[in-house]
Amino acid sequence: MSIIQVTNLSKIYQRPVKEPGFKGSLKALVKRSVLQKKALTDFNLRVEEGELVGLIGPNGAGKTTLVKLLCGIIQPTSGSLDVLGFKPGELKDAFRRQYAVVMGQKSQLWWDLPALDTFRLNKEIYGIPEEKFKKNLHEYVDLFGISELLQVPVRNLSLGERMKMELMAALLHDPRLIFLDEPTIGLDAIAQKQIRLFLKEINTRRQVTILMTSHYMDDIRHLCNRTIVINEGEKMYDGSLENLLTRFQGQRDVQVILSEPVGLGLNLPDGVTCRERQPYRLHLQVPRSQVKELLSSLLLQCEMDDIRIEDEEIGNVIERIYRSGREVFA
Amino acid sequence: MNLPKYAAIGAIGMRARMAYRFDVWLGATMPFIRVLLAYMLWKALFAGKETIAGFTLETMTAYYILTAFLARLDQTNGMVWEYAEDIREGRFAKYLAKPVNPFGHFLATAAARTLYVIGIALGSVILLAFLFRNSRLLPANLSDILYAAAIAFLGLVFMASLNWLTAVLAWKFKDITGFHMIKGNIVEFLAGTFLPLALLPDGVLHLMRWFPFYYIQYLPASLMLGMNREEAFSGLITIGLWTIGALLLGEWAWRILRRQDEGAGA
């Protein structure tokens, strides 16, 4: 049974536009022009219970719009939505009790009070029995190891600590579905890793369905068994990250440490791109099929101390997909 | 409506208000400033006169002490800025994504802030009454107190509905600053915060009885002073009808306008 079913969903925003300067401000007083911005176009999606789906796309691609539509926060222009058997826009309490949303840049915690106060408030709002509340709280506190921070006012917590509290606040009522909008944004590597482990644990142990957006490819790589690439409001890819990479990670990164400096006369085979050239170091990008040819050429031309061959960074692959647009999937 | 849920919302709002001690103590001094200024002005105006528009200097001072207290009870005027900004900045989602009624949330927060103000300002009122040795602050009969309390309560609910309506207009107009400020100034004048409405011409006063603002501060304060007793029952009905109308209008506007949310920050 699908937990999310989206059919031909479209969202068009009406954005006011104003010419710059004083004249533009005066004109806008009399007549305001409106620009129509297509945030989502004929979007289709089906998510099964227990899946962990990653939504990736550049800024303005429509990821957050999709999350807001699925939560019922904004209304679609056309198309149909079914989330947990409800129409999200109706904002039924029975629907809102079954999901949680965490927006990385918008907090639900009470700024001047300890996070425990927000947790207790959520206990009342969601009608969580005392026993279940205590059990969940202890479990999440143990997973994050933050028991000493529960009574510290939120304003005195670090960004990473705050995000952990946001996640706890969102999960205390045992939602079946969680929407995460950039949950690791701005966090250091350690905090990112802790949050990823936590989410993986929640998904595996409790079978909670997670739909997350992220700009960090590490989030998607470590967490999601399904990746959706979205650009300019349209779905470009829906499948595993491995398949996406097999198809588009056609390049290898080759880093060479040289024993002696090479001049400008180094001849590289056609198709090889030099990303960085220093007297003792070369960073090259080469099509998979030409790696052997490149190595032979380098061995003939220079003395090497070390060589490292790696897959192309995922971020670069995705960036190339965004730039290329739909034709790469044609 | 699940009352424990809204009680918890109110309670956390109250705890958040108490986070800053300076603000707490400043709030307690507010009635003093208003009453002292009014006392100095009216003492000069009463020079050589026993009464003005039926008020003695003692009842006039008592009137200002009471309206200073009643004016502080409506905390929704300040909440309009917070909610309108949440709507404009796309933060209103925090109310929509949880199983709470946003207007219920607004009312619960307002009720908690009002209770908090009662706690802070009631002490100031008692102290002011003692300082001015004002015996008129102790009404003669229980029915006056009950009518005044009921009318003042409905007045607070009316103002909460009106301010909720103002806040949700932010979905339509984005910036409601001008509208809210003009509305605030008109309400302060029509409610009798600046001047007892008895000073206005009879025709104007008669007209004002048809509007809700007359019942927000002026009539409850008058009843507490043993004045305008004949208006108590009709006043209760009038403000009751206005309150029902404002509640329905606020609910209708919220249902229509929230659908215009363009998802700021999306």
Options A:LYS37, A:LYS27, A:LYS11; residue that is more than 10 Å from every other protein chain (Cβ to nearest Cβ) and of a type in the set (Lys, Arg):
A:LYS27
Which condition breaks for A:GLU90 when tested against (1) within 14 Å of chain B (Cβ to nearest Cβ); (2) at pLDDT below 95; (3) surrounded by 15 or more Cβ atoms within 10 Å (Cβ to Cβ); (4) at negative phi?
(3)
Filtered residues of the stretch A:239-275 (kept if without any contact (Cβ under 8 Å) to a residue 40 or more places away in the chain and of a type in the set (S, T, N, Q))
A:SER240, A:ASN243, A:THR246, A:ASN267, A:THR273
If you take the residues in the stretch A:131-155 that are outside any helix (DSSP H, G or I) and touching a residue at least 12 places away in the same chain (Cβ under 8 Å), which one is surrounded by the most Cβ atoms within 10 Å (Cβ to Cβ)?
A:ILE146
Report, by residue number, each residue of the stretch B:67-118 that is within 11 Å of the chain's Cα centre (by Cα) and within 14 Å of chain A (Cβ to nearest Cβ).
none
Of the residues that make up the stretch A:157-164, is at least one more than 13 Å from every other protein chain (Cβ to nearest Cβ) and surrounded by 21 or more Cβ atoms within 10 Å (Cβ to Cβ)?
yes
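Is there a residue being in contact (Cβ under 8 Å) with a residue 12 or more places away in the chain and within 23 Å of A:TYR216 (Cβ to Cβ) anywhere in the stretch A:279-302? Show your work before the answer.
If we filter the stretch A:279-302 for residues that are in contact (Cβ under 8 Å) with a residue 12 or more places away in the chain, which is where we start, we get A:279-288, A:290-291, A:293-295, A:297-298, A:301-302.
Remaining after also requiring within 23 Å of A:TYR216 (Cβ to Cβ): A:283, A:285.
The answer is yes, given that some residue of the stretch A:279-302 is in contact (Cβ under 8 Å) with a residue 12 or more places away in the chain and within 23 Å of A:TYR216 (Cβ to Cβ).
The values are calculated or read from the model by the stated rules, or taken from the named source; none is laboratory data. A quick note: this is a predicted structure, and the numbers were derived from the prediction, not measured. No Cβ is skipped: glycine too gets one built from the backbone with ideal geometry, and neighbour counts run over all protein chains shown.
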